[in-house]
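Reviewing the structure listed below.
The values are calculated or read from the model by the stated rules, or taken from the named source; none is laboratory data. Bear in mind that the values here come from a model prediction, so they are computed numbers and not experimental data. Counting neighbours? That spans all protein chains shown, and the Cβs are built from the backbone with ideal geometry, glycine included.
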Amino acid sequence: MLPGFSDAALGSIDAARLLSWATGAFVAFTLVVTRISGMVVIGPIFGHPNIPRQVRVFLVLAMSLVVTPVLLSSDQNQTFRRLDRDSDGKLLRDEVPESLKGQIEELLVRAGKSREDALVPGEFRLSLPAPVSVVEYAGLALMEFGVGIALGLGVMIVVSGLQMAGSLIDGQIGVSLGDVFNPEFHSNATISGEMLHQLALVIFLIVGGHTLMVSALVDTFQALPVGYAWVGSPTIELLSDFVHQSLALAIKISAPVIGIMAVVGLSMGFLGHTIPQINVLVIGFPVRSLLGIFILGLALPAIADALARVLPGAIEQMARILTGG
């Protein structure tokens, strides 16, 4: 079928090397796809159900086709400098993530050094892991997917704080019964919660959160090369901290409305006690709703400004923890 290509060439050393390189490149490509997929599955905007699945798949493949050749041809000195936390030109075993410790030990043995010694840039030559079974490959893919999920989930937790704030506000102004379905979380959300959530997505795009997330994910390939992904306890602790930050953000946003509604409630109670002929229930409901909506409208610029300051910092924190910075 191929003129001039003999069967003997298939057994040559060059063909074997070519086949080995092609296999390694394919494994690297699939692992890159897996890591990027983790971010696209759950990240704000990227994982929104209104975006067609075909578009998201095309985005993942396009990004992977761009990133993989760069990674295969990149200089490993950049990875060495990223892992060298104290910037002394020496890489100790304790400075690298758990997934790289075994590879570092092998490099130390090849260099004739002990486990307590350090590697210099000329001795740092990582090789792509070659899984020998489907189970081993699945383990590598799971860790790669976990890195992408951690980045997307961290940002999504912060964004969801606005929806929580809207739920608290609607519970005070009396419109919490008018729930709407939020397809992104596959659950019902209050009207103000859904409005604030959409505002959060708009602010996310305005501050360039989508580009910051892609940039942060690409940076992880330097500190965590393909096949050596790792999600450690610092990442879990940061996600837990993001939950606390999201709750604090929701309380700060809803606090003005909740405080004013408390004053309105006291005023209505005092009015009903002094003038029993007034139906406080009939009068109080529209007053609370109109006043709450008015206060929420006045607070929207401050809410947008607060979120615009929080989102880039959250993405930077997540990228720093994932890269071991």
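Things worth noting here:
- Residue count for segment 186-201 under the criterion of being part of a helix (DSSP H, G or I) and in contact (Cβ under 8 Å) with a residue 24 or more places away in the chain: the result is 10.
- A single entry from 260, 236 fulfils the requirement of being in a helix (DSSP H, G or I), without any contact (Cβ under 8 Å) to a residue 60 or more places away in the chain and closer than 30 Å to residue 136 by Cβ: 236.
- Here residue 58 meets each of (1) closer than 27 Å to residue 160 by Cα; (2) modelled with pLDDT under 90; (3) out of contact with any helix residue (DSSP H, G or I) (no Cβ under 7 Å at 6 or more places or on another chain) with one exception, condition (2).
- Flag if residue 122 is buried (at least 19 other Cβ atoms within 10 Å of the Cβ) and assigned to a helix (DSSP H, G or I): no
For (1) outside the structural domain of residue 319 (by TED's automatic domain parsing); (2) over 21 Å from residue 21 (Cβ atoms); (3) over 27 Å from the mean Cα position of the chain (by Cα), each residue gets a yes or a no:
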{"residue": "40", "(1), (2), (3)": "no, yes, no"}
{"residue": "47", "(1), (2), (3)": "no, yes, no"}
{"residue": "51", "(1), (2), (3)": "no, yes, no"}
{"residue": "90", "(1), (2), (3)": "yes, yes, yes"}
{"residue": "100", "(1), (2), (3)": "yes, yes, no"}
{"residue": "115", "(1), (2), (3)": "yes, yes, yes"}
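- Residue 259 falls short on exactly one of the conditions (1) more than 23 Å from the chain's Cα centre (by Cα); (2) within 30 Å of residue 96 (Cα to Cα); (3) of a type in the set (Gly, Ala, Ser), and that condition is (2).
- Residue check, residue 47 free of Cβ contacts under 8 Å to residues at least 40 places away in the same chain, part of a loop (DSSP other than H, G, I, E, B) and either surrounded by fewer than 21 Cβ atoms within 10 Å (Cβ to Cβ) or not hydroxyl-bearing (Ser, Thr, Tyr) (or both): no
- Qualifying residue in segment 299-312 (condition: over 23 Å from the mean Cα position of the chain (by Cα), assigned by TED's automatic domain parsing to the domain that holds residue 216 and of a type outside the set (A, V, I, L, M)): yes
- Residue satisfying condition, being acidic (Asp, Glu) and closer than 30 Å to residue 47 by Cα, within set 98, 123, 116, 106: 98
- Residue check for residue 30: of a type in the set (S, T, N, Q), in contact (Cβ under 8 Å) with a residue 60 or more places away in the chain and either touching a Phe, Trp or Tyr at 6+ places or on another chain (Cβ under 6 Å) or outside the structural domain of residue 208 (by TED's automatic domain parsing) (or both): no
- In segment 265-323, residue modelled with the lowest pLDDT [restricted to those that are crowded, with 16+ Cβ neighbours inside 10 Å and more than 30 Å from residue 247 (Cα to Cα)]: 280
This table checks each residue for (1) in a helix (DSSP H, G or I); (2) under 30 Å from residue 77 (Cα atoms); (3) in the same structural domain as residue 311 (by TED's automatic domain parsing).
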{"residue": "211", "(1), (2), (3)": "yes, yes, yes"}
{"residue": "218", "(1), (2), (3)": "yes, yes, yes"}
{"residue": "225", "(1), (2), (3)": "no, yes, yes"}
{"residue": "256", "(1), (2), (3)": "yes, no, yes"}
{"residue": "266", "(1), (2), (3)": "yes, no, yes"}
{"residue": "271", "(1), (2), (3)": "yes, no, yes"}
{"residue": "282", "(1), (2), (3)": "yes, no, yes"}
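- Test: residue in segment 63-75 that is closer than 20 Å to residue 30 by Cβ and in contact with a Pro (Cβ under 8 Å, 6 or more places away or on another chain): yes
- Exclusive hit being closer than 30 Å to residue 159 by Cβ and polar (S, T, N, Q), set 245, 277: 245
- Residue within segment 14-29 that is in a helix (DSSP H, G or I), at pLDDT below 90 and farther than 30 Å from residue 138 by Cβ present: yes
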